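Visitor: Structure provided below as structure tokens; questions to follow.
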Amino acid sequence: MIDPKLIRTNPDYLKRAQVARGESEELIDQLISADEDRRTAIASFEALRAQQKELGRSVAKATSETRPALLAEASALAEKVKEAEAASSEVEATFNELMALVPNPVFDEVPRGGEEDFAVLETVGTPRDFEAEGFTPKDHLELGEILGAIDMERGAKVSGSRFYFLTGVGALLELALTQYAVTKAVEWGFNPMIVPSLVKPSAMEGTGFLGQAAQDVYHLPADDLYLVGTSEVALAAYHSDEILDAGTLPRKYMGYSPCFRREAGSYGKDTRGIFRVHWFDKVEMFVYCRPEDSEAEHLNLLNFEKEFITSLGIPFQVLDVASGDLGLSAARKYDCYGWVPSQQKYREITSTSNCTQFQARRLNIRARYEDGIGPVATLNGTLCAMPRMIIMILENNQQEDGSVVVPEVLRPYLGGREVLSPLS
């Protein structure tokens, strides 16, 4: 949620932010009008309540002769107070509904435009020249089948399209990646957590996943619970309705959980293999910090992602995501795109977002600072989304016979295996 003061102090800033996202400025005009109605209604209600209290004191002091008339006046006034309270509640509800629709204003430095208008900030590593090595690279699914690592056919049989089994060395590879990611996160000062994958509506709404992203979320109506699409939801809601000691900031958490996504709107996209699936496991980083420290913490998260990807030997690019491609909560987002040899292009494998105070306001997470109590800032960053990182390792480290060289950093977590081959 945005700072309500901005509606009155800097509406032009909010309108520019709407335009940057490709959204209508009209929402801000509606919000300005609703805010004026709300303040007028509140003032009217409070004035009548003050009048009612004053009249109550007069009734208490009244003589038997004047009391009946005062009681009649008090009764009529009580009805007006009731009507004013109802009117105030109605306009307050309208204001809150509109506030929930306003996205986090994007930073001025964010590239303007849509999905294809990102800025490439950095390219790390050089893709292998398979042609020079004398063979055509196989895609991850063909490699997974050769290794006995991925079973899409039985995934579809058991659960439907976009589901899969990781088997044999595929299962071992995910477990190795998980252990390595957790080890690195702890090394960087993150407190590890295994978090719930089912959350209340308040957690989803508070993190901004029931607005524009609602169509991509699984809901269990009988329990009124949601399956999370990212551990970010549970990690953000962890301190909801709390006041933190500013001296404990930044607080850094690492969450591990299954993640579930409907992949609405992705019909026909990435239907082969495990790049775009309905369920996957992920290790996520999350930070609570002082608002003035959020940009520095954002770069820290990006650097952790870069270090992790680099250690696995994957060529990648760092993207500054364009304003029109940002989610509701993000003021700025960096993506890392790994090289996919079979596709001859870079594809998204991690992202990190600075949500400033937006989620904290919605979830009522504050800190006690030197100058008073106020919202914290929240940030999130993918460390390892398992299927996509498995794709990167299989395709970039493949050998002509279909075996795969294990990145050196993962070998201790794979019993010393240097090469992935089918389990006997």
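The values are calculated or read from the model by the stated rules, or taken from the named source; none is laboratory data. Since this is a predicted model, take the numbers as computed values, not measurements. Note: ideal-geometry Cβ built from the backbone for every residue, glycine included; neighbour counts use all protein chains shown.
Visitor: Kindly list, by first and then second residue, each pair from a residue in region 199-227 that is touching a residue at least 12 places away in the same chain (Cβ under 8 Å) and over 17 Å from Ser329 (Cβ atoms) to a residue that is acidic (Asp, Glu) and surrounded by fewer than 20 Cβ atoms within 10 Å (Cβ to Cβ), limited to pairs with Cβ atoms under 9 Å and residues at least 6 apart or on different chains.
Guide: Between residues of region 199-227 that are touching a residue at least 12 places away in the same chain (Cβ under 8 Å) and over 17 Å from Ser329 (Cβ atoms) and residues that are acidic (Asp, Glu) and surrounded by fewer than 20 Cβ atoms within 10 Å (Cβ to Cβ), the close pairs are Lys200/Asp224.
Visitor: Take the residues of region 359-372 that are under 16 Å from Gly247 (Cα atoms) and buried (at least 24 other Cβ atoms within 10 Å of the Cβ): which is nearest to the chain's Cα centre (by Cα)?
Guide: Pass one, region 359-372, residues under 16 Å from Gly247 (Cα atoms): 365-372.
Then keep just the ones that are buried (at least 24 other Cβ atoms within 10 Å of the Cβ); that gives 365, 367.
Details: Ile365: 16, Ala367: 21 Å.
Across region 359-372, the extreme among qualifying residues is Ile365.
Visitor: Yes or no: Tyr267 of a type in the set (Phe, Trp, Tyr), surrounded by fewer than 22 Cβ atoms within 10 Å (Cβ to Cβ) and modelled with pLDDT under 95?
Guide: Numbers: of a type in the set (Phe, Trp, Tyr): yes; surrounded by fewer than 22 Cβ atoms within 10 Å (Cβ to Cβ): yes; modelled with pLDDT under 95: yes.
Against the criterion (of a type in the set (Phe, Trp, Tyr), surrounded by fewer than 22 Cβ atoms within 10 Å (Cβ to Cβ) and modelled with pLDDT under 95), Tyr267 qualifies.
Visitor: With the checklist (1) modelled with pLDDT under 95; (2) assigned to a strand (DSSP E or B) in hand, flag the one item Arg366 doesn't pass.
Guide: Status for Arg366: all satisfied but (1).
Visitor: In this structure, is Thr356 within 16 Å of the chain's Cα centre (by Cα), buried (at least 22 other Cβ atoms within 10 Å of the Cβ) and at positive phi?
Guide: Details: within 16 Å of the chain's Cα centre (by Cα): yes; buried (at least 22 other Cβ atoms within 10 Å of the Cβ): yes; at positive phi: yes.
So Thr356 passes the test.
Visitor: Would you point out which residue out of Arg362, Arg388 is among the basic types (Lys, Arg) and within 30 Å of Gly273 (Cβ to Cβ)? Before the answer, list the steps.
Guide: Values: Arg362 fails: within 30 Å of Gly273 (Cβ to Cβ).
Result of the check over Arg362, Arg388: Arg388.
Visitor: Also, quick follow-up: Specify which of the listed residues (Leu410, Leu394, Leu423, Leu383) is in contact with a helix residue (DSSP H, G or I) (Cβ under 7 Å, 6 or more places away or on another chain) and assigned to a strand (DSSP E or B). Before you say what the answer is, go through the steps one by one.
Guide: Values: Leu410 fails: assigned to a strand (DSSP E or B); Leu394 fails: assigned to a strand (DSSP E or B); Leu423 fails: assigned to a strand (DSSP E or B).
None of the others qualify; the one that does is Leu383.
Visitor: Another question, if that's okay. Can you find even one residue in region 328-337 that is touching a His at 6+ places or on another chain (Cβ under 8 Å) and surrounded by 19 or more Cβ atoms within 10 Å (Cβ to Cβ)? Before the answer, list the steps.
Guide: We begin by selecting, within region 328-337, every residue touching a His at 6+ places or on another chain (Cβ under 8 Å); these are 332, 334.
The next check asks that each one be surrounded by 19 or more Cβ atoms within 10 Å (Cβ to Cβ); those that pass are 332, 334.
Among the residues of region 328-337, at least one is touching a His at 6+ places or on another chain (Cβ under 8 Å) and surrounded by 19 or more Cβ atoms within 10 Å (Cβ to Cβ), which makes the answer yes.
Visitor: Next up: Looking at Pro375, Pro422, which one is surrounded by 19 or more Cβ atoms within 10 Å (Cβ to Cβ) and either modelled with pLDDT under 95 or assigned by TED's automatic domain parsing to the domain that holds Tyr164 (or both)? Don't jump to the end; show me each part of the working.
Guide: Values: Pro422 fails: surrounded by 19 or more Cβ atoms within 10 Å (Cβ to Cβ).
Checking each option against the conditions leaves just Pro375.
Visitor: Could you name every one of the helices (runs of 4 or more DSSP H) located completely within region 120-186 that has at least 1 residues being touching a strand residue (DSSP E or B) at 6+ places or on another chain (Cβ under 9 Å), under 26 Å from Gln317 (Cβ atoms) and modelled with pLDDT of 95 or more?
Guide: Working: elements: 130-133, 140-147, 152-159.
Of the helices (runs of 4 or more DSSP H) lying wholly inside region 120-186, those with at least 1 residues that are touching a strand residue (DSSP E or B) at 6+ places or on another chain (Cβ under 9 Å), under 26 Å from Gln317 (Cβ atoms) and modelled with pLDDT of 95 or more span 130-133, 140-147.
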